[in-house]
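Nothing in this text is a laboratory measurement; each read-out follows from the coordinates by a stated rule. Please read all numbers here as calculations on a predicted model, not as lab measurements. No Cβ is skipped: glycine too gets one built from the backbone with ideal geometry, and neighbour counts run over all protein chains shown.
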Amino acid sequence: MAAAGAAAAASVIPGPAGAEPVRGRRRYALVGTGIRGTTMWGRDVVQRYGDVVEFVGLCDVNPLRVEVGKRKLGVSCPTFTRLDEMLSAVKPDALIVTTVDTTHAECIVQALERGVDVITEKPMIINDAQCRTVLDAEKRTGRRVIVTFNYRYAPKHQKIKELLLGGEIGDVSSVDFSWYLDTQHGADYFRRWHRLREKGGSLWVHKASHHFDLINWWLGAEPEVVTATNSLRHYGRKGPFRSTNCRPCPHKAQCPFFWDINTKPELVELYVGPEKADGYLRDGCVFREDVNIPDTMNAVVRYSNGVNMSYSLNTFMPLEGYHLAFNGTKGRLEVRDYERQPWDPGEETEIHVVRNFGKRVKIDIPKGEGGHGGGDDRLRDLIFRNVSVPEHMRLPDSRAGAMACLTGIAALKSGDEGRPVRIKELLPA
Ligand SMILES: NC(=O)c1ccc[n+]([C@@H]2O[C@H](COP(=O)([O-])OP(=O)(O)OC[C@H]3O[C@@H](n4cnc5c(N)ncnc54)[C@H](O)[C@@H]3O)[C@@H](O)[C@H]2O)c1
């Protein structure tokens, strides 16, 4: 176990201080060779960052999928099915964690205890016990964890941060935030392991932690009390019929959610072949009886600066995107984001500042190219090249990871127990 103060290697993760451009290749290992691990953190990294990144090991509990992953990345490093064996054998500078959500905490702690820094996908944790374990391990070992909250790095989200920092609407008093997942993207969570709260902590954690992180960062505050409701209205046992998965389903002809994975060669290679090893069905039925997460969620969150947010997440919508408004002492900042809808909205995102007793001003938004509104590339440039960014764009740390997830964990608990939940109950100061 690496102790703080031991002769540990310097961190390869960019710190809060100014930017020193990275020169030479650093040694990364990756655990979890599913779609996210092999694309955003795999093949794309090999292609864009080959001058600064060397993959020294790949690990996945599925022995077939890890070999598919290695082919997709086009690397020659060894593969493993056990993380402890990979860490001992290859001794990376940093570990990239892209496994199923509930396993992030154990992967993070194993790496930290071997003196290895961690770049983890969200959510960092899915319950409060995992939260304490990760924060304790980071403190004990003196290594670092960063959480890849890519949404912050979309230029439109940076613009919102800068408008708020610039005092355009004065002090924020409340926030209205509604996120919509359509019957394509929203339904896809119910096909996969995300449908089980023991795997992903529910969409309160798996999905909404992105949104809660944005709010924490935009407001420069932390959540204190969460009051929420959960309901399951459309998927799981609410469906009219069901099967195990789409391929053998007798209801294909009448099911609006029928999805043919065989039309996606990349997913066939990554999931259908490797089914033999773990039985995981990527095209699972959205109406399986075992769905135990809500699909319709509402919350009120009280923040450390006195701001209240009303938030909703709906997964059965005819459109994808969000409505967001900050109400301030000098006016209102309104955002409408259109990701997918059955009409042409003209622009993908509209931002307006509406001043009290004044005018509405349209805000120009820098265009973001690539995944997640341009956030993916800008985040990777910062992680792997340590490009220069303003202070408010530095990498999200474990505290940010904890606060975003704890908001969702508190919301699920509040909905289940029918009472407000304080973040302090989950993470005493
Ligand atoms: N930031 C984003 O926008 C974004 C987008 C997509 C996914 N993600 C995150 O990326 C992660 C992976 O998502 P995905 O869609 O690729 O899922 P996936 O199911 O395709 O891949 C997960 C992989 O982890 C492996 N695995 C599970 N437990 C393991 C363990 N203990 N050790 C080693 N391997 C293990 C599985 O076999 C699988 O191959 C998730 O945490 C998800 O939240 C983030």
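Listed conditions (1) crowded, with 21+ Cβ neighbours inside 10 Å; (2) in contact with a Pro (Cβ under 8 Å, 6 or more places away or on another chain) are all met by ILE169, apart from (2). Kindly check whether there is at least one residue in the stretch 264-271 that is in a loop (DSSP other than H, G, I, E, B) and over 30 Å from GLY408 (Cβ atoms). Looking through the stretch 264-271, none of the residues is in a loop (DSSP other than H, G, I, E, B) and over 30 Å from GLY408 (Cβ atoms).
Of all residues being small (Gly, Ala, Ser) and near the ligand (Cβ under 8 Å from one of its atoms) in the stretch 20-63, which is nearest to VAL116 (Cα to Cα)? Just the residue, please. Per the criteria, the residue is GLY32. For the stretch 122-148, a tally of residues being at negative phi, in a loop (DSSP other than H, G, I, E, B) and more than 16 Å from the ligand (Cβ to nearest atom) returns 2. In the stretch 64-77, which residue that is surrounded by 15 or more Cβ atoms within 10 Å (Cβ to Cβ) and more than 10 Å from the ligand (Cβ to nearest atom) is nearest to TYR280 (Cα to Cα)? Across the stretch 64-77, the extreme among qualifying residues is GLU67. Pick from the stretch 277-312 the residues that are within 13 Å of the ligand (Cβ to nearest atom) and not small (Gly, Ala, Ser): which of them is nearest to the chain's Cα centre (by Cα)? Of everything passing the filter in the stretch 277-312, ARG282 is nearest to the chain's Cα centre (by Cα). On the stretch given as the stretch 382-404, residues that are part of a helix (DSSP H, G or I) and closer than 22 Å to VAL301 by Cα total 7. Under 7 Å between Cβ atoms, which residue pairs at least 6 apart in sequence (or on different chains) link something in the stretch 181-194 that is outside any helix (DSSP H, G or I) with a partner that is among the polar types (S, T, N, Q)? What qualifies is LEU181/ASN314; LEU181/THR315.
Whenever a residue of the stretch 132-155 is of a type in the set (Lys, Arg), its partners that are within 16 Å of the ligand (Cβ to nearest atom) and assigned to a helix (DSSP H, G or I), lying with C-beta atoms within less than 6 angstrom and at least six residues away or across chains, give the pairs ARG143/LEU112; ARG152/TRP217. The set of residues in the stretch 405-425 that are in a helix (DSSP H, G or I) and either at positive phi or acidic (Asp, Glu) (or both) comprises ASP416, GLU417, GLU425. If the condition is being of a type in the set (Val, Ile, Thr) and farther than 18 Å from ARG143 by Cα, then the stretch 373-414 contributes VAL387, VAL389, THR407, ILE409.
The stretch 6-121 holds strands (runs of 3 or more DSSP E) entirely within its bounds, and those carrying 1 or more residues that are over 23 Å from ASP278 (Cβ atoms), within 21 Å of the chain's Cα centre (by Cα) and touching a residue at least 12 places away in the same chain (Cβ under 8 Å) map to 26-31, 94-97, 117-120.
Only a single criterion out of (1) part of a loop (DSSP other than H, G, I, E, B); (2) surrounded by fewer than 13 Cβ atoms within 10 Å (Cβ to Cβ); (3) among the polar types (S, T, N, Q) is not satisfied by ASN305, namely (2).
Within the stretch 313-323, the only residue that satisfies the criterion of being in contact with a Lys or Arg (Cβ under 8 Å, 6 or more places away or on another chain) and not in a strand (DSSP E or B) is LEU319. For SER231, the conditions (1) surrounded by 15 or more Cβ atoms within 10 Å (Cβ to Cβ); (2) under 18 Å from LEU196 (Cβ atoms); (3) among the hydroxyl-bearing types (Ser, Thr, Tyr); (4) within 23 Å of the chain's Cα centre (by Cα) are fulfilled apart from (1). If you go through the stretch 250-259 one residue at a time, do you hit one that is surrounded by fewer than 19 Cβ atoms within 10 Å (Cβ to Cβ) and within 13 Å of the ligand (Cβ to nearest atom)? Checking the stretch 250-259: not a single residue is surrounded by fewer than 19 Cβ atoms within 10 Å (Cβ to Cβ) and within 13 Å of the ligand (Cβ to nearest atom). Determine, yes or no, whether VAL175 is outside any helix (DSSP H, G or I), more than 30 Å from PHE257 (Cα to Cα) and either over 17 Å from the mean Cα position of the chain (by Cα) or within 13 Å of the ligand (Cβ to nearest atom) (or both). Yes: the conditions hold for VAL175. If I ask for residues that are surrounded by fewer than 18 Cβ atoms within 10 Å (Cβ to Cβ) and of a type in the set (Asp, Glu), which ones from the stretch 308-348 would you list? Scanning the stretch 308-348 gives GLU339, ASP344, GLU347, GLU348.
To keep it simple, each residue is scored yes or no on (1) over 21 Å from LEU163 (Cβ atoms); (2) touching a helix residue (DSSP H, G or I) at 6+ places or on another chain (Cβ under 6 Å); (3) among the hydrophobic types (A, V, I, L, M, F, W, C); (4) not in a loop (DSSP other than H, G, I, E, B).
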| residue | (1), (2), (3), (4) |
| --- | --- |
| ALA325 | no, no, yes, yes |
| VAL335 | no, no, yes, yes |
| TYR338 | no, no, no, yes |
| PHE357 | no, no, yes, no |
| PRO366 | no, yes, no, no |
| ARG380 | yes, no, no, yes |
| ALA429 | yes, no, yes, no |
